[in-house]
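**Q** Sharing a structure here in structure tokens format.
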Amino acid sequence: MLEVVFTKGRIGVEAVRIFVCGEKSRLELDVLNQNEKEAVLKACRQSKFEGKNGQFVEVLGGKSKIILAGIGKNPGEIEWQKLGGSLAKKLFKDSVACYIVNEIKGCKLSKIEISYNVAFGLMLGSYRFDKYFTKKQQNEYPALEQIIFKLKEADEAAEAFKKYAALANAVRYGRDLCNEPANYLTPQVFADDIDRLKYLGLDVEILDKKILQEKGFGLLLGVAQGSVNEPKVAILKWKGKPDKEEFDVALVGKGVTFDSGGISLKPGAGMGDMKGDMTGAAVVVASLKALALQAAPVNVVGIVGLVENMPSGSAIRPGDILTSLSGQTVEVLNTDAEGRLVLGDCLTYVQDTYKVKKIIDIATLTGATMRALGSEYAGIFGNDSKLIADLIDAGEKSGENLWHLPINKAYDKMVDSSVADMKNIGGANAGGSTAACFLQRFVAEGVKWAHLDIAGVDRVEKSTELCPKGATAFGIRLLNKFLNVKL
């Protein structure tokens, strides 16, 4: 992983040197010699560099390269993080780079805040999932090994960055999980990987098929029964306030390691992306990892249902009726609406076992939400306006945006069944809202609950500043921002 160093000392001349300028601000080039300054100013004139956001100029200065980057007017944390991600691409073939941190006119962030936000963006933007390549040339892999931030407040910046470094570690881990192919990341392998996180101080419990049968996870087991890969449920607990017995919040994640649709088989086109139908679980697990690495002062329990949804002679059929852990019955009209079944039992278990009063579930749940919001927002549904508002605010501050979508009695009535307590699809319209209403039936009275539908934002088809093509692990930064504030 990229090494991030903060120093107030001298920098080796072989390092790429990076300078940032705000729009219509003065370039801070005092550390350069006269020849280098002249070369930089000439390049700025030729390229009409004005410090606008997204502008870059590269100059060969003596023995090393110099990069000028524009950050625009009044940049905030997200702009600085995106700048870091963009620099990761500019430095793809360089081994060492030095960022000369300076104050920017109109920017409310200090040099310390600028440095750790850029460093965070560099760590996210430099992520690559390339473990399965066997014929790549060496120069096709990222070469950047070290980024050095030069500023007088280096010690304070290094200390402040620890929290962000832990979060970047967790995001990269979440992306790794989501990018893994389903033949490697089975429910068993996923559970084993979660169990390994005990070394961080997390309390981890894995429920196997026998235990799930004994306890009565009827919905989750129904989804899993068509696969040769047996289901697991993993529970992770972080006690950042060890003197307090209660958990501040529960996180619930959908972990369908591959979703073929079951008997209600999906179309072949795009089915390969269904290896990522466990993104909700990856986000929950990685969020707990981040809290442990940060030693965050919060008590959180996470639960993830790990299953594979496959068609076979033993798979559930449209029309089957399943009995949930809560005792409620569900008519399965579409076996491709399986995520809500997995979440229903997990919601019941975490409430009954840990008596939590605040729950956030996260899942790649519906194509309807994706069609409504595209790749710009995840949908948020819930029963508590303050919880929803706090999560939306955390999303805006972290760059992972949420849009509030409705649930009401009319949508809830659409999941009533004529032969069971409910059915697992609500009809042709309002699929995101009816799915949320289905989940709400497993939330006890008095429990504050929010549901994040991240279908559409869980992966990108084109590289962005902070993520290459593939899994985004959307939600980890958002939840970390929310969980590190007073709950």
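**Q** List the residues, sorted by chain then number, that are 5 or more residues from Phe149 or on another chain and whose placed amide H is less than 5 Å from its amide H.
**A** Val5, Phe6, Thr7, Tyr99
**Q** A further question on this structure: Explain nothing, just compute: Karplus ³J(HN,Hα) = 6.51 cos²θ - 1.76 cosθ + 1.60, θ = phi - 60°, for every residue of the stretch 248-261 in order, whole Hz, x for Gly and Pro.
**A** 5, 7, 10, 10, 10, x, 7, x, 7, 5, 7, 10, 7, x
**Q** Here is a further query. Number of Lys pairs in the stretch 284-429 with C-alpha atoms less than 23 angstrom apart, excluding same-chain neighbours closer than eight positions?
**A** 14
**Q** Give me His404, His451 ranked fewest to most by other Cβ atoms within 10 Å of their Cβ, as a rough exposure proxy. Present the calculation step by step, with values, prior to reporting the outcome.
**A** On the way: His404 15, His451 30.
If I rank by nearby Cβ atoms, fewest first, I get His404, His451.
**Q** Related question: Amide H to amide H under 5 Å from Phe258: which residues, 5+ apart in sequence or cross-chain, H placed 1.01 Å off N in plane?
**A** Asn309
**Q** Now, a different point. Amide H to amide H under 5 Å from Leu365: which residues, 5+ apart in sequence or cross-chain, H placed 1.01 Å off N in plane?
**A** Amide H neighbours of Leu365: Ile454, Ala455.
**Q** Can I ask one more? In which sequence would Arg340, Arg45 go, from the one with the fewest C-beta neighbours within 10 Å to the one with the most? Write down the numbers at each step before the final one.
**A** Working: Arg340 29, Arg45 9.
Ordered from fewest to most neighbouring Cβ atoms within 10 Å, Arg340, Arg45 come out as Arg45, Arg340.
**Q** What whole-number volume per residue, in cubic angstrom, does the convex hull of the C-alpha atoms of the stretch 282-352 give? List each step's numbers first, then the result.
**A** Working: hull volume 6.7 nm³, N = 71.
Taking only Cα atoms, the stretch 282-352 has a hull volume of 94 Å³ per residue.
**Q** Cα centroids of the stretch 349-410 and the stretch 85-127: how far apart, whole angstrom?
**A** 31
**Q** Also: Within 10 Å of each residue's Cβ, count the other Cβ atoms and sort Asp176, Asp277, Asp130 from fewest upward. Intermediate results must be reported in sequence, preceding the final value.
**A** Working: Asp176 18, Asp277 27, Asp130 11.
Going from least to most buried by this count: Asp130, Asp176, Asp277.
**Q** Let me ask you something else. Could you give me the ³J(HN,Hα) list for the stretch 405-418, computed from phi with Karplus coefficients 6.51, -1.76, 1.60 and θ = phi - 60°, whole Hz, x at Gly and Pro?
**A** 10, x, 9, 7, 5, 5, 5, 5, 5, 5, 9, 5, 10, 7
**Q** Another question about this same structure. Report the Cα centroid-to-centroid distance between the stretch 430-487 and the stretch 235-304 in angstrom, as an integer.
**A** Rounded to whole Å, the Cα centres lie 10 Å apart.
**Q** Which helices count as membrane-span-like in the chain under these terms: full DSSP H, at least 24 Å along the axis by C-alpha, Kyte-Doolittle mean of -0.5 or more?
**A** Details: long enough: 154-179 (35 Å, -0.36).
Helix filter hits for the chain: 154-179.
**Q** If you filter the stretch 245-324 for GluC sites (Glu not before Pro), then keep DSSP loop positions with at most 13 other Cβ within 10 Å, what is left? Before the final figure, lay out the partial values.
**A** Working: sites: Glu245, Glu246, Glu308; in loops: Glu245, Glu246.
Counting only loop positions with at most 13 other Cβ atoms within 10 Å, the GluC sites (Glu not before Pro) in the stretch 245-324 are Glu245, Glu246.
**Q** Let me confirm the definition first: pairs of Lys residues in the stretch 117-234, 8 or more apart or on different chains, C-alpha distance under 21 Å. How many are there?
**A** The result is 10.
**Q** Can you list the HN-Hα couplings for the stretch 233-242, worked out from phi with the Karplus curve (6.51, -1.76, 1.60; θ = phi - 60°), rounded to whole Hz and with x for Gly and Pro?
**A** Per-residue couplings from phi come out as 10, 10, 10, 10, 10, 10, 10, x, 10, x Hz.
**Q** Further question: I need two numbers for the stretch 3-167: Rg to one decimal and Dmax as a whole number, Cα atoms only, in Å.
**A** 15.6, 48
**Q** Hey, which aspartates and glutamates would be in cross-link range of Lys266, C-alpha to C-alpha under 15 Å, not counting anything within fewer than 8 residues on its own chain?
**A** Those aspartates and glutamates meeting the cut-off are Asp277, Glu308, Asp336, Glu338.
Bear in mind these aren't lab numbers, they're just calculated from the coordinates by the rules spelled out. Just so it is clear, the structure is predicted and the values come from calculations on it, not from any experiment. Cβ atoms come from the backbone with ideal geometry, glycine included; neighbour counts cover every protein chain shown.
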